[in-house]
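Below: the structure, in structure tokens.
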Amino acid sequence: MLAWLAGCGGSSNSSTSSGTNAYVAIPQANAIAAFRVNTDSGDLKSVLGSPFSGGTSPASIAIHPSGKFVYAANQGGNDISLFTVDNSTGELTEVMPRTPAGLTPKSLAMDSGGDLLFVANEISNNISVYSISSGNGALTEIQGSPFPTGSQPVAIALSPSGKFLYVASGNLSAVFGYSVASGTGSLSAVAGSPFAVGSEPLALVVEPSEHFLYVANFNSNTVSGMAIDASSGTLTVALASPFATGTNPISIAVDPSGKFLYVANLGSSNISVYSIDSSTGATTQLTKSPFAATTKPTFATVDPAGKFLYVCSESSKNISKFQIDQDTGGLPSNTVSATTNLAPAAIAFTK
């Protein structure tokens, strides 16, 4: 731990460099690493005092839209950490006690207003839902929570409107869909749920227009594209789905424009990139795709401005920054933006 604390970081910095903040879950360190992000260059600079100790084995991070609160799902502690954010420096302070969750909380999703937090509990096979205090960020579990779901819920995705929640069930090769009650956050299964996808779905994403859902199928080496019924939330197979990826796709992301899809392939250590047809949801892999990544990428996300793709790598123990070609979605260059010395699990950005 001491070696990791000494070695974790991006470029040397004064923690007040301009830009937004990024927070990284480091499960083996029981900590969250914090960085300032230069919005022009995309460079990461370690925040003074980072990393910040938290719960046991954090696996997922959600950031309140106000930028004032950071939440971490602690899969080893069966709870959720709340951190307050120093707006001037990005430093974190954990608020105790931690909020109990189900067994092995694995994935977090928050609505755009910052009113509700959803938690997928992998071992207890349910979804915990909490209301969020706008004043202090405190979590209060809603009536009826936790809500049962399929076996091994490993990832969740909330539609941008907050109307529908989708859950990847790793054991069942299926996605479960729920409507989210306005005002309360209560979950009700949508018609036809669950929906069949490929083998061992481990990640999923709803594109910004809320017309399509994409699911990374780890064992099938494919992505399933699903059309979303705007009224009911029911899923149907999109055109040309499923489509091939690299080996063991483990993470999936869409840029803010909804034009490009990015898939991190753990087994082949690369990133598959596709353009998205906004009418049909069909994808076309770019000519130069896949793009090489550092060893065993496990998580990928696009920054809020859509300028860079950031990739957490398990074996390389670092975070890479890929520049995104705004016309084609391609990844013409990449650099290692931060080393973590222990495997990073997820990264999230303030907006």
Taking segment 5-41 and keeping only residues that are buried (at least 19 other Cβ atoms within 10 Å of the Cβ), over 25 Å from SER315 (Cβ atoms) and at pLDDT 90 or above, one is left with ASN21, ARG36
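Which of the residues belonging to segment 90-111 are polar (S, T, N, Q) and farther than 13 Å from LEU165 by Cβ? Don't jump to the end; show me each part of the working.
Of the residues in segment 90-111, the ones polar (S, T, N, Q) are 93, 99, 104, 107.
If the condition is that a residue be polar (S, T, N, Q) and farther than 13 Å from LEU165 by Cβ, then THR93, THR99, THR104 are the ones that fit.
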For segment 166-177, pairs from a residue that is within 13 Å of LEU202 (Cβ to Cβ) to a residue that is of a type in the set (Asp, Glu), with Cβ under 6 Å and 6 or more apart or across chains, are GLY170/GLU200
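Return the residues of segment 42-60 that are aliphatic (A, V, I, L, M), crowded, with 24+ Cβ neighbours inside 10 Å and either in a strand (DSSP E or B) or without any contact (Cβ under 8 Å) to a residue 40 or more places away in the chain (or both); say none if nothing qualifies.
Taking segment 42-60 and keeping what is aliphatic (A, V, I, L, M), we get 44, 47-48, 59.
Now narrow it down to the ones that are crowded, with 24+ Cβ neighbours inside 10 Å: 44, 47.
If the condition is that a residue be aliphatic (A, V, I, L, M), crowded, with 24+ Cβ neighbours inside 10 Å and either in a strand (DSSP E or B) or without any contact (Cβ under 8 Å) to a residue 40 or more places away in the chain (or both), then LEU44 is the only one that fits.
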Only unsatisfied item for VAL263, checking (1) assigned to a loop (DSSP other than H, G, I, E, B); (2) free of Cβ contacts under 8 Å to residues at least 60 places away in the same chain, is (1)
Subset of segment 15-72, residues closer than 20 Å to ASN136 by Cα and among the basic types (Lys, Arg), comes to LYS68
Picking from SER188, SER145, SER193, SER182, the residue that is closer than 18 Å to ALA101 by Cβ and of a type in the set (Gly, Ala, Ser) would be SER145
Those residues of segment 224-235 which are surrounded by fewer than 23 Cβ atoms within 10 Å (Cβ to Cβ) and not in a strand (DSSP E or B) amount to ASP229, ALA230, SER231, SER232, THR234
Listed by first then second residue, the pairs whose first member lies in segment 138-165 and is on the phi > 0 side of the Ramachandran plot, whose partner is surrounded by fewer than 18 Cβ atoms within 10 Å (Cβ to Cβ) and modelled with pLDDT under 95, with beta carbons under 6 Å and at least 6 positions apart or on separate chains, are GLN152/ASN171
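Name the single residue that is least open to solvent (accessible area, probe 1.4 Å) among those in segment 115-147 being acidic (Asp, Glu) and within 20 Å of GLN75 (Cα to Cα). Talk me through it step by step, then tell me what you get.
Within segment 115-147, the subset acidic (Asp, Glu) is 115, 122, 141.
The next check asks that each one be within 20 Å of GLN75 (Cα to Cα); those that pass are 122, 141.
On the way: GLU122: 31, GLU141: 80 Å².
Taking the candidates together, the pick is GLU122.
Is at least one residue of segment 107-114 hydroxyl-bearing (Ser, Thr, Tyr) and surrounded by 17 or more Cβ atoms within 10 Å (Cβ to Cβ)?
Here is the first cut: in segment 107-114, the ones hydroxyl-bearing (Ser, Thr, Tyr) are 107, 112.
Then keep just the ones that are surrounded by 17 or more Cβ atoms within 10 Å (Cβ to Cβ); that gives 107.
Within segment 107-114 (the criterion being hydroxyl-bearing (Ser, Thr, Tyr) and surrounded by 17 or more Cβ atoms within 10 Å (Cβ to Cβ)), the answer is yes, since at least one residue qualifies.
Condition test on GLY198, is it of a type in the set (Gly, Ala, Ser), within 26 Å of VAL302 (Cβ to Cβ) and open to solvent by 10 Å² or more (accessible area, probe 1.4 Å)? Before you say what the answer is, go through the steps one by one.
Details: of a type in the set (Gly, Ala, Ser): yes; within 26 Å of VAL302 (Cβ to Cβ): yes; open to solvent by 10 Å² or more (accessible area, probe 1.4 Å): yes.
When the stated conditions are applied, GLY198 passes them.
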Of (1) in contact (Cβ under 8 Å) with a residue 40 or more places away in the chain; (2) within 25 Å of THR56 (Cβ to Cβ), SER128 satisfies every one except (1)
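Report whether or not GLY77 is surrounded by fewer than 22 Cβ atoms within 10 Å (Cβ to Cβ) and under 16 Å from PRO58 (Cβ atoms). Break it down into steps so the answer makes sense when it comes.
Details: surrounded by fewer than 22 Cβ atoms within 10 Å (Cβ to Cβ): yes; under 16 Å from PRO58 (Cβ atoms): yes.
In short, yes.
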Only unsatisfied item for PRO256, checking (1) in contact with a His (Cβ under 7 Å, 6 or more places away or on another chain); (2) assigned to a loop (DSSP other than H, G, I, E, B), is (1)
Scanning segment 269-321 for residues that are open to solvent by 60 Å² or more (accessible area, probe 1.4 Å), of a type in the set (S, T, N, Q) and either touching an Asp or Glu at 6+ places or on another chain (Cβ under 9 Å) or outside any loop (DSSP other than H, G, I, E, B) (or both) gives SER278, THR284, GLN285, THR295
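To keep it simple, each residue is scored yes or no on (1) at pLDDT 95 or above; (2) farther than 25 Å from SER188 by Cβ; (3) open to solvent by less than 20 Å² (accessible area, probe 1.4 Å).
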{"position": "LEU204", "(1), (2), (3)": "yes, no, yes"}
{"position": "HIS211", "(1), (2), (3)": "yes, no, no"}
{"position": "VAL237", "(1), (2), (3)": "yes, no, no"}
{"position": "THR245", "(1), (2), (3)": "yes, yes, no"}
{"position": "PRO256", "(1), (2), (3)": "yes, yes, no"}
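The values are calculated or read from the model by the stated rules, or taken from the named source; none is laboratory data. Everything quoted here is computed from the prediction, not taken from an experiment. Positions of Cβ are backbone-derived with ideal geometry, glycine not excepted, and every protein chain shown enters the neighbour counts. Accessible surface areas use protein heavy atoms only, side chains included; no ligands, DNA or RNA. Shrake-Rupley method; radii C 1.70, N 1.55, O 1.52, S 1.80 Å.
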